[in-house]
Amino acid sequence: AMKPIAAIAPALEENVITAATVYDDSATTFGDINIHNSYSGGKGLITVRKAIEISSNIVNVKVLMDVGTSKGVEFLNELGMTQFTKEDDAMPTLALGGSTHGASPLQMAAAYAMIANKGEYIEPTFYTKVEDSNGNTILEATQEKKRVMTEGNAYILSSILKSPVTGSGGTAYLCAISGMDVAAKTGTTTDYKDRWLCGFTPYYAAATWFGYDDPETVSGLGMSNPAMNIWAAIMDDIHEDLDGKRFGKPDNIVTAKICMDSGKVATSECTRTYTEEFVKGTVPEKCDGHKTVEICKETGQ
C-alpha cells in the first residue's frame, strides 16, 4: 500500500515515469538487497499501471530507485509522515513499506485522500468545532492544506489505482462498487503478519489494517486479505444510497495508443498495444523497437 505514495507519486511529479513506462519485472539486486515478488518469478516487460495492478515488488522498487529514495522520503514527509527520515528510511525497500518507521492507518487514509482531493493534502481532524451551551464557538479545528501533486498527476495516479480493482490480475478485486469509480491498493507485510487495504471513491477515502499490535503470523489465512473484506463491506454500506460517480478528469488529460513492450506511442508495426492516459506534454515518443524489414532467403540478411 506504500508503493503508490512512496514511489509512483513522486516519480510522476518528477516526470520520471508515466503510467505507460515499461520496466522488466525480473529478479533484481540493489546492493546486498535482493528484491523478489510475492508471486513466482516475474512477468517480463510490464507497464507501471500493470505493476500496480498485480503489485509487483520489483518494478515498484525500480521506480523508487529511478526517482531516488530521498525523493520518496521527502514526498512522505509532505503527506504528514514526518517520522520518515533520509537517515533511517532512504532505502530501496521504502517502496514496499519496509523501512525503519511505519505509518498509521490514519496517515495512510490521509495520504490516499490527497490523491482523491486532486493532489491537495488536508491534515486529518476528528472535529470541526466545539460550542458551549449558548452556541458560542470555543474551539475550532485548523487543518493544514497544501498541494503536493499537480491535479493532472493526481488524476493519473487515481486512474492507475483503478487497475487493482478492475484489472484482470487485480489484487483489490473485492473493492468494486457498481456504477462507482474505486481506486484501491492492497498491502501485505513480511510473512503475512499484517494486511492492508487503502483506497478511495469520489466520496470517501479509507484505510484498513488487519493484524496484531505485536506482529505475528495469522494462521489459516493463507494469501487472503481480511483488510480488503472489511474495507469492501464498509464502503459498500456507506455508498449504498449514493449516486454513481466517476473521478473528475482535468482538461489537460489526453490519451494515446501505446506499445506494451516499449511504453512508447505505438506504430503500425507494434503488435501488443493499449490506450493509456497522460498529462498533456508527457506523451512519449513513437516506438522505435518494432519495424518490418525484408530478409534475403539466400543470405539471411
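The values are calculated or read from the model by the stated rules, or taken from the named source; none is laboratory data. From a predicted model like this one, the values you see are computed outputs, not experimental measurements. Positions of Cβ are backbone-derived with ideal geometry, glycine not excepted, and every protein chain shown enters the neighbour counts. These area figures cover heavy atoms from the full protein model, side chains too; ligands, DNA and RNA do not enter into them. Shrake-Rupley method; radii C 1.70, N 1.55, O 1.52, S 1.80 Å.
Quick one: count up the residues across the stretch 275-299 that are farther than 23 Å from Glu14 by Cα and open to solvent by less than 50 Å² (accessible area, probe 1.4 Å).
0
Looking at (1) in a strand (DSSP E or B); (2) within 17 Å of Ser163 (Cβ to Cβ), which one does Phe247 not meet, given that it meets all the others?
Unmet for Phe247, out of (1) in a strand (DSSP E or B); (2) within 17 Å of Ser163 (Cβ to Cβ): (1).
Which of the helices (runs of 4 or more DSSP H) contained wholly in the stretch 37-132 include at least 2 residues that are touching a strand residue (DSSP E or B) at 6+ places or on another chain (Cβ under 8 Å), of a type in the set (Gly, Ala, Ser) and farther than 14 Å from Lys3 by Cα?
105-116
Condition check: at pLDDT 95 or above, surrounded by fewer than 16 Cβ atoms within 10 Å (Cβ to Cβ) and touching a Gly at 6+ places or on another chain (Cβ under 8 Å). Does Lys257 satisfy that?
No; evaluated as a whole, the condition is false for this residue.
Taking only the stretch 226-250 into account, find how many residues are over 13 Å from Tyr204 (Cα atoms), in contact (Cβ under 8 Å) with a residue 24 or more places away in the chain and of a type in the set (A, V, I, L, M).
Number satisfying all stated conditions: 3.
Give the residues of the stretch 18-39 that are open to solvent by less than 10 Å² (accessible area, probe 1.4 Å) and over 22 Å from Thr190 (Cβ atoms), sorted by residue number.
Correct list: Ala19, Ala20.
Take the residues in the stretch 130-143 that are within 36 Å of the chain's Cα centre (by Cα) and surrounded by 10 or more Cβ atoms within 10 Å (Cβ to Cβ), then tell me which one is farthest from Ile115 (Cα to Cα).
Glu140
Report yes if some residue within the stretch 84-106 is in contact with an Asp or Glu (Cβ under 9 Å, 6 or more places away or on another chain), crowded, with 23+ Cβ neighbours inside 10 Å and of a type in the set (A, V, I, L, M); otherwise report no.
There is no residue in the stretch 84-106 that is in contact with an Asp or Glu (Cβ under 9 Å, 6 or more places away or on another chain), crowded, with 23+ Cβ neighbours inside 10 Å and of a type in the set (A, V, I, L, M).
Would you pick out the residues in the stretch 175-193 that are in contact with a strand residue (DSSP E or B) (Cβ under 8 Å, 6 or more places away or on another chain), of a type outside the set (S, T, N, Q) and over 25 Å from Lys245 (Cβ atoms)?
Residues satisfying the conditions are Gly187, Lys193.
Within the stretch 40-73, which residues are on the phi > 0 side of the Ramachandran plot and either in contact with a Gly (Cβ under 8 Å, 6 or more places away or on another chain) or surrounded by 23 or more Cβ atoms within 10 Å (Cβ to Cβ) (or both)?
Answer for the stretch 40-73, where residues must be on the phi > 0 side of the Ramachandran plot and either in contact with a Gly (Cβ under 8 Å, 6 or more places away or on another chain) or surrounded by 23 or more Cβ atoms within 10 Å (Cβ to Cβ) (or both): just Ser55.
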